[in-house]
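The values are calculated or read from the model by the stated rules, or taken from the named source; none is laboratory data. All figures in this text were calculated on a predicted structure; none of them were measured in a lab. Virtual Cβ from ideal backbone geometry, glycine too; neighbours counted across all protein chains shown.
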């Protein structure tokens, strides 16, 4: 019985960490009224973490070292389609919207991969940096635009 608990604890911890980190990133998007919020980012991180755990766990019969690399490549490529779904062209000028939200989906997948691999320190640092960028990035963008003028981050642009 103790062996079973030990075998499930580490992968479960990795998946819980993926959900928590993805949810924190998504919470920021929810608080800003963006289309990809807590549930989506948590699920993207969980799915990425799960696929990574499955392919990197030797106890599950996967011992091919290149399997993890191929898995990560597939996640990164595939998640781009989900991110592309939230990017919109709006108005007569066809302004592009929600690029930050698309990038948030992508970073949620990457954070899930880090958790799936058990890369705790790297994933933790990346999560903190992502939250800092999401929290302070728009303020810095708007302050620089106000000081230096034209650019892609005009005050009317929410992303």
Lone qualifier among 111, 40, 99 - being under 20 Å from residue 9 (Cα atoms) and surrounded by 14 or more Cβ atoms within 10 Å (Cβ to Cβ): 111
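Conditions (1) assigned to a loop (DSSP other than H, G, I, E, B); (2) in contact with a helix residue (DSSP H, G or I) (Cβ under 7 Å, 6 or more places away or on another chain), marked per residue:
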position	(1), (2)
7	no, yes
13	no, no
17	no, yes
21	no, yes
27	no, yes
36	yes, yes
46	no, yes
75	no, yes
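Every residue, every condition in (1) within 15 Å of the chain's Cα centre (by Cα); (2) closer than 19 Å to residue 137 by Cα, yes or no:
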site: 32; (1), (2): no, yes
site: 45; (1), (2): yes, no
site: 76; (1), (2): yes, no
site: 82; (1), (2): yes, no
site: 107; (1), (2): yes, yes
Flag if residue 59 is assigned to a helix (DSSP H, G or I), modelled with pLDDT under 80 and exposed (fewer than 14 other Cβ atoms within 10 Å of the Cβ): yes
